[in-house]
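Heads up, the thing below is written out as structure tokens.
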Amino acid sequence: MAMKVILASPRGFCAGVNMAIDSLELALAEFGAPIYVYHEIVHNQYVVNHFRDRGVKFVNELDEAPEGATLLFSAHGVSPEVRRGARERRLHAIDATCPLVTKVHLEAIKYAKQGYTIFLIGHEGHDEVIGTMGEAPEAIVLVETPDQVDSLEVADESKLAYLTQTTLSVDDANRIIDRLRERFPGIHSPPKADICYATQNRQEAVALLSTEADLVLVLGSQNSSNSQRLAELARERGIDAHLIDGPQEIDVSWFNGVQTVLVTAGASAPETVVESCLDLLRDRFDATVEPRVIRKEEVTFPLPRELRSVAAARSESLVAGEPSA
């Protein structure tokens, strides 16, 4: 029998990633290389290498960017300390932080000003967590597992709140939230869930569609939290799953005895790598592809304010028939 591929939708780029990538493209076109980016623009090696080949410099320290250079903050956000450092070095900073990450930052600032202890549910060392904790380091306690909740100590249980990293597994986050509510019944929660719509939608698609598959392929990089969660979600349901950057990482032995494959992509994985994997499956296994839409996504985010006038001017030039570069 020919292999069947279920192609999950939604998959791939979310609105925040689209905005960040569009921002970097526009900055390159307007200011020219080198453009500096604080950390990876998104957690995807294909995207990072694509921009690196075009003269983008990804840096982990501000002093790696020359004074006065153009520096773009990635979709994951940065701490106030990084913003201050950029100003001190007179860097032309462009803030491409995802608005949903900014929402969590603002919630952290609000709770901290009101004297709350904030439990941030997330993964230590993740760029987003580092940036959020930097908003109020004296008030935020990182919680990574339900078991950690039992050992938490706070001075005032009447002033507690929790926030979450936007790219977590919904199930994993809820297990920690449930434990927090059991131990601290009066704990405050954000008015709207912090886990982003795209993360939830991609997880929902895997949860619903993976039961029909013998194997799940997730396109995304190993340092992508939301991509990791998609593979873990399938494995939790007893289905073999592999997280890969592209077709070059596929091992054909994975498909022995496999009739149906679910293909999806994390929120920072480009569609071009999905298509490359589908081409391999068609060529090698005579696979037929069946798109399955679980939910429509029509969310868009505006460009950073530092680029809006640039985008408008370039758009006007195109309308007038003038060259845009």
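Values in this text are rule-based calculations from the coordinates and carry no lab data. What you see is a predicted model, and the numbers here were worked out from it, not measured in a lab. Reconstructed Cβ throughout: ideal geometry from the backbone, glycine too, with neighbour counts over all protein chains shown.
Which is farthest toward the positive dipole end of the range 100-183 among 102, 125, 151, measuring Cα position about the Cα centre, with Cβ charges +1 (Lys, Arg) and -1 (Asp, Glu)?
Farthest towards the positive end: 102.
Roughly how big is the chain's charge dipole about its Cα centre, with Cβ charges of +1 (Lys, Arg) and -1 (Asp, Glu), in debye to the nearest 20?
That gives a dipole near 740 debye.
Which order do 48, 218, 141 fall in if you start with the one that has the fewest other Cβ atoms within 10 Å?
Lowest to highest Cβ neighbour count: 141, 48, 218.
Run lengths n ≥ 4 of DSSP H only: what is the helix-derived mean residue ellipticity at 222 nm for the chain, with -39500 (n - 2.57) per run over all residues, to the nearest 500?
Computed ellipticity for the chain at 222 nm equals -12000 deg cm²/dmol.
Is the shape of the range 216-278 rounded, prolate or oblate, going by the alpha carbon gyration tensor and its root eigenvalues a ≥ b ≥ c, with a/c under 1.5 for rounded and a/b larger than b/c for prolate?
Because a/c hits 1.5 or more and a/b fails to exceed b/c, the range 216-278 counts as oblate.
What's the exposure ranking of 253, 9, going from fewest to most Cβ atoms within 10 Å?
Taking fewest neighbouring Cβ atoms as first place, the list is 253, 9.
Just order 230-241, 144-155 by mean Cβ neighbour count inside 10 Å, highest at the front, would you?
The densest-packed peptide leads the list: 230-241, 144-155.
Going through the DSSP H helices of the chain, which span 15 Å or more along their own axis at the Cα atoms while scoring at least 0.0 as a mean Kyte-Doolittle hydropathy?
Taking the DSSP H segments of the chain (at least 15 Å long, mean hydropathy at least 0.0), we get 15-31, 99-113, 271-285.
Take every Cα pair under 8 Å in the chain that's 6+ residues apart, average their separations, divide by the length, and report that relative contact order as a whole percent.
26
Which number comes out as Rg/Rh for the range 100-183 once both Rg and the Kirkwood Rh are worked out on C-alpha atoms?
Reported Rg/Rh (Cα atoms, Kirkwood Rh): 0.92.
So what's the chain giving for Cα Rg divided by 2.2 N^0.38 Å, two decimals?
After normalising by residue count via 2.2 N^0.38 Å, the value is 1.08.
Which residue, 143, 310, 261, has the most motion in a Gaussian network model of the chain that connects Cα atoms within less than 10 Å?
Among 143, 310, 261, the largest mean-square fluctuation in the Gaussian network model of the chain belongs to 310.
Subtracting the Cα-Cα distance from 0.36 nm times the residue separation, let me have the gained length for residue 295 to residue 155 in nm, one decimal.
Fully extending the segment from residue 295 to residue 155 adds 46.0 nm.
To the nearest Å, what is the center-to-center distance of the range 14-88 and the range 162-216, using C-alpha atoms only?
Answer, in whole Å: 29.
For the range 39-87, what class follows from the C-alpha gyration tensor (a ≥ b ≥ c being the square roots of its eigenvalues): rounded when a/c is under 1.5, otherwise prolate if a/b is larger than b/c, else oblate?
oblate
Anything over 24 Å Cα to Cα? Flag those among 57/296; 110/296; 57/192; 57/110; 192/296, in the order listed.
The answer is 57/296; 110/296; 57/192; 57/110.
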